[in-house]
Amino acid sequence: MIQRKLEVIYQPFDRTTRVPPGTTLFSAAHWIGLPIDSTCGGRGTCGKCKVRVIEGAAEVTTADHRLLRKEELDGGWRLSCQARIYEDMVCEVPQLLRVPKAATMGLGRLVILDPNVRKVYLELAEPTLEDQRSDVMRLGDALTAEGHDMAAGVAVLRTIPRVLRDSGFKVTAVLAGEQLVALEPGDTTDESFGVAFDVGTTTLVGTLMNLRTGMAAGVLSTLNGQAPFGADVISRISHGMNGPDSVLELQTAVVTTMNTILADLYEQTGVSPARTYEAVVVGNATMLHLLFGIDPSPLAVMPFTPAFMEPLLIAAREVGLDIHPNGFLQTLPALGAYVGADIVAGVLATSVVREDKLRVFVDVGTNGEIVLGSAQRALATAAPAGPAFEGSQIRCGMRATEGAIEGVQLGDTVELQVIGGDVRAMGICGSGLVDAVAQLLHVGLLDHSGRMKGAGDVPGHPLADRLIDVDGVRAFLLADGVFLTQRDVRELQFAKGSIATGIKVLMDILGVETKDLDQVLLGGSFGSYLNPESAKIIGLVPPVDLDKIIAVGNSAGEGAKIALLSYRERQVAFELPSRIEYVELSGRADFNDAFVSVLQFPHLELVG
Ligand code: FES
């Protein structure tokens with residue numbers, strides 16, 4: 001149940017936003033891209049985020065008392081990161097005194113550099129008989145003076161006395177939030193790194209980020225080491241059902257893959273694991289369960305309950321991730337059992353649900369994860385599509401590797417785009433399949449019910465001789481030994497039908513039509529390769545103008561990078577589950593009707 005939203009107006013910008021009760025003035029401003037000064041990222045320690053409340057009430061908090069003067073409090077000034085919104089409000093934001101450092105992310109978004117990991121160089125007064133404060137107190141006092149709180153665990157405590165004395169009390173404190181990760185001799189503020197991981201069922205992508213500049217130091221991807229246990233999440237879950245040892249096997253496989261990527265990144269960039277303090281990890285619910293060694297089997301059976309959907313913050317050493325020994329691993333939250341942290345990251349990266357534009361974000365894979373909405377209201381669901389888009393259960397299907405047909409153009413002849421360039425076509429991958437079916441519809445060799453024509457039905461058609469019979473089933477010959485059968489077309493039809501149904505159900509709930517959609521965003525690795533026109537011709541996505549269909553690439557990885565570079569954006573990701581309503585498709589009375597209505601291929605004149 002989504003709560004009633006409250007309105008906040010920020011002056012002098014005259015910017016308005018509507019937020020759920022309890023949101024802070026700081027984070028509501030951040031949602032609409034209005035920068036409020038801060039060096040602590042909203043933790044209530046820097047005192048820089050003050051705003052003046054003009055209308056509405058904001059209680060005075062302990063942090064307000066600590067960091068603001070009495071006259072300021074009397075004048076209505078409050079720390080915006082502590083002031084929660086419980087009624088409609090108007091407030092005044094002071095001009096920024098400095099331009100915040102920002103980085104442009106892959107999708108063209110400007111992200112203010114405000115990482116959770118901060119390094120502070122300190123020149124401490126050495127202890128004397130007159131000043132016998134403990135090392136921790138000395139350090140804590142100096143950090144407080146710089147606007148930072150600090151808590152130190154025993155592992156880092158063990159190192160503090162030696163580092164202080166060896167460095168002449170000139171040290172760099174490394175904080176992840178309030179936690180002291182390390183104390184380093186001298187000034188090391190230039191060297192601060194973190195890693196963003198997108199843990200896919202098939203592929204893992206790791207990006208080593210320079211937290212000072214916001215630039216990627218290196219990026220690598222490799223196949224998930226869990227592959228020998230099955231290609232999809234269901235087979236991984238089935239393996240996990242064999243008992244704790246099997247879950248451990250899967251956990252070890254994924255952590256080993258992550259550490260292999262890290263080792264290669266360290267070697268390639270010269271960055272040391274000791275300077276890599278934090279990892280942000282996204283992935284679907286099964287992948288994150290397995291990463292933490294949690295049995296994912298309840299995800300596979302009704303009523304599909306995950307062990308956790310909340311963001312988790314753990315010591316990286318708990319799973320054996322090879323970053324700084326006191327570093328942290330942070331995951332993003334999930335929206336549902338089958339709309340995981342990877343989708344939340346995608347939503348973060350694309351700003352769907354933070355702007356007024358009505359958009360649908362679709363990540364196409366064995367599940368189609370769909371988020372539809374705008375800043376007003378947003379919905380999410382997962383539609384089971386089966387493995388057709390991955391090239392499985394397709395007679396000549398294969399993964400998107402060398403030799404796979406990834407693009408098809410039909411006219412008087414057959415033109416193929418094969419991965420690897422000038423190599424022999426060995427099969428067809430998901431994007432090639434979507435293209436082939438769209439093109440067969442386009443040249444009239446498939447009718448809109450999905451029935452493939454026989455050679456006798458289309459005398460004189462330039463491609464009639466490509467219509468063949470394979471084991472009693474109609475097929476279209478794409479290349480020597482590679483063909484598309486009538487059954488393959490049906491597999492694709494069911495897969496696209498399921499995703500189109502998910503989109504339709506969400507559009508019906510929201511009460512919107514195709515003409516209302518401002519954009520269709522295709523996410524995930526598959527979405528990047530999909531030809532938008534073909535996606536539209538087969539009816540996978542609503543028939544909007546072609547320029548409104550946008551491939552957004554690896555949006556999950558981008559979202560993980562953004563959460564690594566910006567603590568404020570990380571908070572936005574944490575809030576997304578409370579802003580997006582999750583719709584469970586199974587068991588919905590309208591699912592079957594909607595499925596039947598979108599199963600056929602659209603008439604070409606309708607898709608333009
Ligand atoms: S006190 Fe630092 S952002 Fe509010």
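Descriptive notes on the structure:
- Of the strands (runs of 3 or more DSSP E) lying entirely inside the range 448-491, those carrying at least 2 residues that are touching a residue at least 24 places away in the same chain (Cβ under 8 Å) are 473-479, 482-485.
- When each of 495, 551 is tested for being closer than 20 Å to residue 438 by Cα and buried (at least 24 other Cβ atoms within 10 Å of the Cβ), the lone residue that passes is 495.
- Number of residues in the range 61-87 that are closer than 20 Å to residue 6 by Cα and loosely packed, with under 14 Cβ neighbours inside 10 Å: the value is 1.
- Filter result for residue 541 (in contact (Cβ under 8 Å) with a residue 24 or more places away in the chain, part of a loop (DSSP other than H, G, I, E, B) and either over 17 Å from residue 374 (Cβ atoms) or aromatic (Phe, Trp, Tyr) (or both)): yes
- Identity of the residue in the range 458-472, surrounded by 15 or more Cβ atoms within 10 Å (Cβ to Cβ) and of a type outside the set (A, V, I, L, M, F, W, C), that ends up farthest from residue 485 (Cα to Cα): 461
Condition check ((1) free of Cβ contacts under 8 Å to residues at least 24 places away in the same chain; (2) in the same structural domain as residue 29 (by TED's automatic domain parsing); (3) at negative phi) across all residues:
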| residue | (1), (2), (3) |
| --- | --- |
| 57 | no, yes, yes |
| 65 | yes, yes, yes |
| 72 | yes, yes, yes |
| 76 | no, yes, no |
| 79 | no, yes, yes |
| 85 | no, yes, yes |
| 91 | no, yes, yes |
| 115 | no, no, yes |
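- Put simply, of 149, 131 the only residue that is without any contact (Cβ under 8 Å) to a residue 12 or more places away in the chain and either in a loop (DSSP other than H, G, I, E, B) or not assigned by TED's automatic domain parsing to the domain that holds residue 43 (or both) is 131.
- With respect to the conditions (1) at pLDDT 90 or above; (2) under 24 Å from residue 285 (Cα atoms), residue 434 falls short on a single one, namely (2).
- For the range 22-74, a residue qualifies if it is more than 9 Å from the ligand (Cβ to nearest atom), part of a loop (DSSP other than H, G, I, E, B) and among the small types (Gly, Ala, Ser), and the qualifying residues are 22, 33, 56, 57, 58.
- Subset of the range 238-258 (residues that are at pLDDT 90 or above and out of contact with any His (no Cβ under 8 Å at 6 or more places or on another chain)): 244, 245, 247, 248, 251, 252, 253, 254, 255, 256, 257, 258
- For residue 588, the stated conditions hold: it is among the basic types (Lys, Arg), modelled with pLDDT under 90 and over 25 Å from residue 443 (Cα atoms).
- The combined condition, being surrounded by fewer than 16 Cβ atoms within 10 Å (Cβ to Cβ) and within 16 Å of the ligand (Cβ to nearest atom), is not fulfilled by residue 7.
- Of the residues examined, residue 153 is not one that is of a type in the set (Gly, Ala, Ser), buried (at least 17 other Cβ atoms within 10 Å of the Cβ) and more than 13 Å from the ligand (Cβ to nearest atom).
- Index of the failed condition, residue 119 passing every other in (1) part of a loop (DSSP other than H, G, I, E, B); (2) under 27 Å from the mean Cα position of the chain (by Cα): (1)
- Residue within the range 78-99 that is within 12 Å of the ligand (Cβ to nearest atom), of a type in the set (Val, Ile, Thr) and not in a loop (DSSP other than H, G, I, E, B) present: no
The values are calculated or read from the model by the stated rules, or taken from the named source; none is laboratory data. Just so we're clear, the structure is a prediction, and the values are computed from it rather than from any experiment. For neighbour counting, all protein chains shown are included, and Cβ atoms are generated from backbone atoms with ideal geometry for every residue, glycine included.
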